[in-house]
Amino acid sequence: MADKLPNVAVIGLGLIGSSIICATQYFGAAATVTGFDASKEVLLEAEKIGLPVNLVDDIRAAVRDADIIFLAVPVGAMAGVVKKIISNLKPGAILTDTGSTKRSVIDDINPLVLPHISFVPGHPLAGTEFSGPSAGFPTLFKNHYWLLIGDEKANSAISVIKRFCEKLGSMVEVMDANYHDKVLAITSHLPHLIAFTIVGTASDLEHDLKNDVIRFSASGFRDFTRIAASDPTMWRDVFLNNDEAVLEMLERFTEDLAFLQKAINQREGDKLLNLFKRTGEIRRSIIDIGFAKE
Ligand code: NAP
């Protein structure tokens, strides 16, 4: 017999929350979908664009009948949301978050979870630089990893969320929180930090170089501006909540940058060439496993 479809609630109707809603409807993954956002403007925008969801302006009403609750708010706002809803969840409900950092979210939420509720920390590795309900689309998660944290054998709720995310087109992997934070520090958080820095430096130069930084920006700089246009609140919370792993990676990166600085200074072209050949191989292996869009 087919599984009974769950009632789903989504808290936070930005890029990730609205994409979960669109994907859930598109893939027929839920019986009902209810959405809430703290911002009246966001709720109005969601209504205006016809986001396929039952919109409510009371967070407790949003979660009352839900079997699965997705938290899609900035990392720093997760615990506040859980405090508001936890006593309104029905027995057996599964709470799952989408935050980009995991250790801090788990430490914030675990002490708030009641015995009859399960918590499955999660992180979809999918996104764009856009935010808000209009940014969502149904295939955002298709063919992207969705990482879940914990031990599948010890927590049966993980299997439920795993099946749900797979219905949305994701490939699911279960892993440890600290390992997640280290991997993401280098693959996502550090690249964003570098992009914010480069675009910041360029905008300071802009005045001296008579607007030509923007006018002649070629693809390299343009790619950085795309990444650096990502949501400021979300990224502030990411750096403050994955500080340890980000600072560790930043230290290693700074050492590598100093190595390149010295190589340029001392005209050691072979050192530059060796590194650039190695990085080219990494790019080719990413393309080989089918993740890079040309
Ligand atoms: P977003 O587009 O900025 O949306 C977040 C939404 O949550 C906003 O509408 C925000 O309203 C609302 N919100 C903030 N505090 C709230 C609260 N206490 N209660 C209810 N709603 C609240 O952000 P997003 O990109 O969807 O990110 C959501 C989560 O997914 C974050 O934890 C992020 O780390 C994670 N994530 C993001 C990406 C990505 O690429 N964007 C990828 C993977 C995971 P206001 O705008 O009024 O504050």
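The values are calculated or read from the model by the stated rules, or taken from the named source; none is laboratory data. A quick note: this is a predicted structure, and the numbers were derived from the prediction, not measured. Here Cβ is always computed from backbone atoms with ideal geometry, including for glycine, and neighbour counts include all displayed protein chains.
Taken over the stretch 4-47, the criterion of being crowded, with 24+ Cβ neighbours inside 10 Å and of a type in the set (S, T, N, Q) is satisfied by Ser18, Ser19, Thr24.
Of everything listed in (1) over 26 Å from Asn7 (Cβ atoms); (2) outside any loop (DSSP other than H, G, I, E, B), the single unmet condition for Glu129 is (2). Of all the residues in the stretch 121-155, those that are more than 10 Å from the ligand (Cβ to nearest atom), surrounded by fewer than 22 Cβ atoms within 10 Å (Cβ to Cβ), more than 28 Å from Lys40 (Cα to Cα) and in contact (Cβ under 8 Å) with a residue 24 or more places away in the chain number 5. Residues in the stretch 82-108 that are touching an Asp or Glu at 6+ places or on another chain (Cβ under 9 Å) and farther than 21 Å from Val183 by Cβ: Val82, Lys90, Gly92, Ala93, Ile94. Would you confirm, using the coordinates I've provided, whether Glu173 is within 15 Å of the ligand (Cβ to nearest atom), charged (D, E, K, R) and modelled with pLDDT under 95? For Glu173, the condition - within 15 Å of the ligand (Cβ to nearest atom), charged (D, E, K, R) and modelled with pLDDT under 95 - is not met.
The set of residues in the stretch 141-165 that are under 25 Å from Cys22 (Cβ atoms), of a type outside the set (S, T, N, Q) and not in a helix (DSSP H, G or I) comprises Phe141, Lys142, His144, Tyr145, Trp146, Leu147, Leu148, Ile149. The single condition among (1) at pLDDT 95 or above; (2) basic (Lys, Arg); (3) not assigned by TED's automatic domain parsing to the domain that holds Lys83 that Lys142 does not satisfy is (3).
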